[in-house]
Amino acid sequence: MAFRIDVEDSSTVPVLHVAGDLEGPYVAVLLDECRIRGTSISLSLTDLVSVDEAGLAAIRLLQAFGLRIDGASPYFRFLLEHGSGPAAVSA
């Protein structure tokens, strides 16, 4: 599956729906989209399929800047809270 970001601006807090494989050059795409929109957004990871180390680090960074993370699988939430896993992990 490719990577996709869908933006939902209808709520009080815009939501970026992240779908597919967050790896390689797509990490920069996510960071750029978040930079443009600022820290008052939420990331929905419900449709995230896999993430590499750079993608995991980017999501941790965004979380540290105050972005809310929703819809992460239990395994992916564990990786965010406790450390990295294999080079590419399925969420």
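The values are calculated or read from the model by the stated rules, or taken from the named source; none is laboratory data. Treat the numbers as computed from the prediction; the structure is a model and nothing was measured. Here the Cβ positions follow ideal geometry from the backbone for every residue, glycine too, while neighbour counts run over all protein chains shown.
Values computed for the structure shown
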{"item": "Conditions (1) modelled with pLDDT of 95 or more; (2) not in a strand (DSSP E or B): number failed by H17", "result": "(2)"}
{"item": "Single residue of the range 5-27 satisfying the filter (of a type outside the set (V, I, T) and under 11 Å from the mean Cα position of the chain (by Cα)) that is surrounded by the fewest Cβ atoms within 10 Å (Cβ to Cβ)", "result": "G20"}
{"item": "Residue within the range 33-45 that is under 10 Å from the mean Cα position of the chain (by Cα), under 20 Å from L80 (Cβ atoms) and hydroxyl-bearing (S, T, Y) present", "result": "yes"}
{"item": "Test result for F76, in contact with a Phe, Trp or Tyr (Cβ under 6 Å, 6 or more places away or on another chain) and surrounded by 17 or more Cβ atoms within 10 Å (Cβ to Cβ)", "result": "no"}
